[in-house]
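Below is one structure, written out as structure tokens, with a few remarks after it.
The values are calculated or read from the model by the stated rules, or taken from the named source; none is laboratory data. Computed from a prediction, not measured in an experiment: that's the story for all the values here. Methodologically, a virtual Cβ is constructed for each residue, glycine included, from the backbone with ideal geometry; neighbour enumeration extends over all protein chains shown. For the accessible areas, the whole protein counts, side chains as well, though only heavy atoms, and no ligand, DNA or RNA atoms are used. Shrake-Rupley method; radii C 1.70, N 1.55, O 1.52, S 1.80 Å.
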Amino acid sequence: MDRGFDGMDRRLLSAVHECGRDPRIAAVARALSWSGEHGALWLAAGLAGAAVDRERRGAWLRATALTTTAHLASMGVKRIVRRPRPAHVVPLVRTAGRHSFPSSHATSAAAAAVAYGALGAHVVSPLAAAMCVSRMVVGVHYPSDIAAGAALGALTARLGARWVGVGQ
């Protein structure tokens, strides 16, 4: 019997992963997971913001750099912590690596939500939340991986807000 925090983490993952039995939910979760690989969706969003909002191009590019920095930081933490991905559920996607803590998808999503949200792109936050949940639906991250990644991303973006030039 699973007890304590690890047990709760496993049970919560199992419960969310069950949503992936619905083929429509699984398809959306897979698409979000794929688009968030290496922060691609968030990098594209930042570059699109820079292209469209010429007056604040520099701020958009700095926000994109913060999102990238957060993603890279999560990769560094993963190499130190080396927590294995969940083995008690069958994943619905392949992953780029074997380690799960923190979730790099959650890190870059939260960083983008904070950094781009400061520039007025508030639609990013619900998409970022969906991205985070998708990683549990596809069975490749524990809830604690998601929480740690989101905290790392939000903190990184918040610390860099002055550099971006908005949300000070």
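Some values worked out for this structure:
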{"read-out": "Unique match (being modelled with pLDDT of 95 or more, surrounded by 20 or more Cβ atoms within 10 Å (Cβ to Cβ) and either touching a Pro at 6+ places or on another chain (Cβ under 9 Å) or not hydrophobic (A, V, I, L, M, F, W, C) (or both)) among Ala106, Ala150", "value": "Ala150"}
{"read-out": "Candidate set from region 38-67 (those that are surrounded by fewer than 17 Cβ atoms within 10 Å (Cβ to Cβ) and within 15 Å of the chain's Cα centre (by Cα)); member that is modelled with the highest pLDDT", "value": "Ala44"}
{"read-out": "Elements of type helices (runs of 4 or more DSSP H) contained in region 1-118, each with 3 or more residues being touching a residue at least 40 places away in the same chain (Cβ under 8 Å) and charged (D, E, K, R)", "value": "none"}
{"read-out": "Matching residues in region 68-94 - criterion: being under 25 Å from Ala31 (Cα atoms), more than 15 Å from the chain's Cα centre (by Cα) and open to solvent by 80 Å² or more (accessible area, probe 1.4 Å)", "value": "Pro84, Ala87, Val90, Arg94"}
